[in-house]
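The values are calculated or read from the model by the stated rules, or taken from the named source; none is laboratory data. Keep in mind it's a predicted model, so treat the numbers as computed, not measured. Note: ideal-geometry Cβ built from the backbone for every residue, glycine included; neighbour counts use all protein chains shown. Protein only, heavy atoms only, side chains kept; ligands, DNA and RNA dropped before computing areas. Shrake-Rupley method; radii C 1.70, N 1.55, O 1.52, S 1.80 Å.
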Amino acid sequence: MAVVFEKTKMLTDVPFHYCPGCTHGIAHRLVAECIEEMGLQDKAIGVAPVGCAVFAYNYFNCDMMEAAHGRAPAVATGAKRVHKDKLVFTYQGDGDLASIGAAEIVHAAGRGEKISTIFINNAIYGMTGGQMAPTTLVGQVTTTSPYGRQKEHCGSPLRMSEMLATIDGAYYIERVSLHDVPHIIQAKKAIKKAFTYQMEGKGFSMVEILSTCPTNWGMTPTGAIEWLKENMIPYYPLGVKKEGE
Amino acid sequence: MLHQMISAGFGGQGVLLLGQLLAYSGMNEGKNVSWLPSYGPEMRGGTANCTVIISDEEIGSPVVVDADCVVAMNRPSLDKYENNVAPGGKLFINSSLIDQKAKRTDIEVYYIPCNEIADQLGNSRVANIVMLGAYLKKTGVVKPETLIKCLEEKLGKKKAHLIPMNEEALKKGAECVD
Amino acid sequence: MAKKLMKGSEAIAEAAIQAGCRYFFGYPITPQNEVPEYMSRRMPQVDGCFLQAESEVAAINMVYGAAGAGARVMTSSSSPGISLKQEGISYIACAELPCVVVNIVRTGPGLGGIQPSQGDYFQATKGGGHGDYHLVVLAPSSIQEAADMVMEAFDIADMYRNPVMILGDGMIGQMMEPVEFHQPPKREIPEKTWAATGWDGTRERAIINSLYIEPEVMQVVSDRLQKRYELIKQNETRVEEYKMEDAEYCIAAYGTTARVAKSAVNKAREMGIKAGIIRPKTVWPFPSEAFCKAADQVKGFLTVEMSAGQMVEDVRLAVNGKKPVEFYGVMGGFLPTPNAILEKLIQLKEGK
């Protein structure tokens, strides 16, 4: 029988621990497929965050480091400075990257650090049980914004891609979404581009991926996809925020 | 042999360098040496100081309380360190900038017009070397030749042309206390 | 190599280079700025990498990344900055990564002051960050020793896959003394087969990690670390004894304070008081045995520190009540004077 589809070798056989309907699994697969398709299996060093993707080192079939909360870009900096010819990427959520690790991501971009960041934005803290993130939308109910996020009280959500795109050292920044197949295909293209630019030594690259969290949003998987489309994309417009110097 | 000294003055008068040259020379003559600068709060008012110890033995405390010698390049330094000279010790005063006499009578005091001599030599910046000339003459703690060699190393080839003037400054300083 | 007159901070930096360290991540703080400044000049000359991080927090995590990638790496800071690094140090300890961390201790708590202190002893020797771990902590008392210890620190770190701290005070950072760089005695250092360098399938996949969510696994890791600490205690405990052969009174002091104590001991001996010094060169592992032994010989101990009394607790544990252990401390950034220590010795002798 002819093989028509095979799981990428860049993922291990360890079953994902992610909740049903969570888009982390898709994002993992896209990253893994890109590395394999680019022939970078033996060159990849990944840095996992603290958050739902904390166990990413069990899934990506390459050398991995597990960083402290928010510090993945600093850890990746250390690794990349030692192995300049390797593909060094971080995989971080929104609490990790946009809250506690805001300084590290800004300065990694500022230095034009030749690393790539996969930034999962699902507008909530997943692993700790659904608390408000810096990316939580105004009005969105979480376990620490039970009346809905109030702008007067805690401000508006941060648009990290737009912010980082203003930094000279950032070479490529794009926001993508995983809510349907055409967008998933676009997301993969963006990841590949980010890795390509890194290997060409161009500078810092980041792909922000709008993702769902049905469990903590309190929705069905399909309901979550609809919610992302209707609520997140208007606030977090998709597209390339920066490409080139 | 244990020689403990304090060198003090304005920032920019070369008091730290004066101490370093003594330490370098001591090291090159095979002695144990330490050089300790003041840093932080003690720098207020623009005064700088360092302590130097030159010894045959291993050096214990790098902090000098009872100094064998004190070099005071300006008035605040004299006020601050006159009492740190051990009885029978030596106090070297830059009389170009300090118009008062030492109060102590149990120590040897030398007055050297460092800035005037340096100006006569054509470079006010060698005032510290003039002082060193007097210092070496009276203490004999290291040989002037060793010190000139250290200075050559420190200045490097680019500034080698400054050596004769420094030699002259050492000589003039020594003559002052003859 | 001829002796050079060098500032402590610069000797520490050069020693790291001589030991093959090619990566340095730092952040400015007084009184250790000469370390990053020296590294910024020197690293490019040896094809190394100096990087000024955005914070101490980032710097220690860059160390984590570079150490995880298999490189010899160092960072330095002073007390408040070292507090910021504690999170990263704890992760590094658990991930079993070798690296060297220099602390040029200033006064605290809080921002404190920039003058010398030994107030970080607890932090350095009892953990500092969270969890059951130890750093190997070397406490130099001269510039030469600082250089020697830094060079050996990299070997110790590599050998045991454990972070090593150089605990110096502001005096060690700022003072100039003659220094020569010697390679430490050769050790059998295992190859870094665990490092993340890109995986070609010929070895196990490298996972640099400090997360062990299953209690059974965490227990195994904890046991492994504790066993290693025992091994370090056996092999790496260092102590210097000064005039202890016939001593009736023993001063316990480390770092710069021990030098001042030497001056005091010499003065005491001129007065007929038989005093000696036990100087821990490693403050972790602490040389308990030396104190335990001395307790059978001397009449009393005097611990001298630039702190409110931290190492004295370890001395008392080692002496275990056999003899009195008195304490003399100075704070605020001052050094004890030989005469003040001598006075305390006389008091100890007279049983006051």
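By the gyration tensor of its Cα atoms, with a ≥ b ≥ c the square roots of the eigenvalues, what is the shape of chain B: rounded for a/c under 1.5, prolate for a/b over b/c, or oblate? Because its axes are fairly even, with a/c under 1.5, chain B counts as rounded. Extents of the range C:240-349, largest first, come to 32, 28, 21 Å (Cα atoms, principal axes, whole angstrom).
First select every other residue whose beta carbon is under 11 angstrom from the beta carbon of C:Asn339; then total the charges, Lys and Arg +1, Asp and Glu -1. Spelling it out: positives minus negatives among the neighbours equals 0.
The angle between the Cα long axis of helix C:215-236 and the longest principal axis of the Cα atoms of chain C comes to about 50 degrees, rounded to the nearest 10. Averaging the sequence gap over all C-alpha pairs within less than 8 Å and six or more residues apart, then dividing by the number of residues, gives chain B a relative contact order of 21 percent. Helix C:56-68 and the long axis of chain C differ in direction by around 60°, with both axes built from C-alpha atoms. Placing dummy labels 7 Å off each Cα toward the beta-carbon, the span from B:Thr139 to A:Met1 is 9.3 nm.
Between the helical axis of C:8-18 and the longest alpha-carbon principal axis of chain C there is an angle of about 40 degrees. Taking other residues whose beta carbon is less than 11 angstrom from the beta carbon of B:Tyr111, and scoring Lys, Arg as +1 and Asp, Glu as -1, yields 0. Peptide A:111-118 is shielded by partner chain Cβ atoms: per residue, an average of 1 of them sit within 10 Å of its Cβ.
Partners of B:Lys158 within straight-line reach, counting lysines whose Cα lies under 20 Å from its Cα and excluding those fewer than 8 residues away in the same chain: B:Lys149. Over the range C:240-349, Cα pairs under 8 Å with separation of 6+ residues give a relative contact order of 31 percent. Projected label points at B:Asp106 and A:Thr222, each 7 Å from Cα along the beta carbon direction, are separated by 10.0 nanometres. Partner lysines whose Cα lies under 19 Å from the Cα of C:Lys349, excluding those fewer than 8 positions away in the same chain, are identified as C:Lys243, C:Lys262, C:Lys267, C:Lys274, C:Lys299, C:Lys322, C:Lys323. Heavy atoms of chains C and A lose about 2600 Å² of accessible surface on contact, summed over both sides with a 1.4 Å probe.
Partner shielding of C:204-215 amounts to 5, given as the average count of beta-carbon atoms from other chains within 10 Å of each residue beta-carbon. Summary of the geometry: the range A:1-56 and the range C:49-91, compared by the centres of their Cα atoms, lie 29 Å apart. Amide hydrogen proximity for A:Glu208: with H placed 1.01 Å from N in the peptide plane, the residues at 5 or more positions away or on another chain lying under 5 Å are A:Phe119, A:Glu174, A:Arg175, A:Val176. Under 1.5 on a/c is rounded, so check that first for chain A, then, if it is not, pick prolate when a/b is larger than b/c and oblate when it is not; a ≥ b ≥ c are the square roots of the alpha carbon gyration tensor eigenvalues. Oblate is the answer for chain A, as a/c is 1.5 or above yet b/c matches or exceeds a/b. With 24 Å as the limit, the listed pairs A:Lys202/C:Lys85; B:Lys80/B:Lys172; B:Lys143/C:Lys4 have A:Lys202/C:Lys85; B:Lys80/B:Lys172 beyond it between alpha carbons. Shown in residue order for the range A:90-98 are the 3J(HN,Hα) couplings computed by the Karplus curve 6.51 cos²θ - 1.76 cosθ + 1.60 at θ = phi - 60°: 10, 10, 10, x, 7, x, 4, 7, 8 Hz (x for Gly and Pro).
Count Lys and Arg as plus one, Asp and Glu as minus one, and take only other residues whose Cβ is under 11 Å from that of C:His182; the net charge is then -3.
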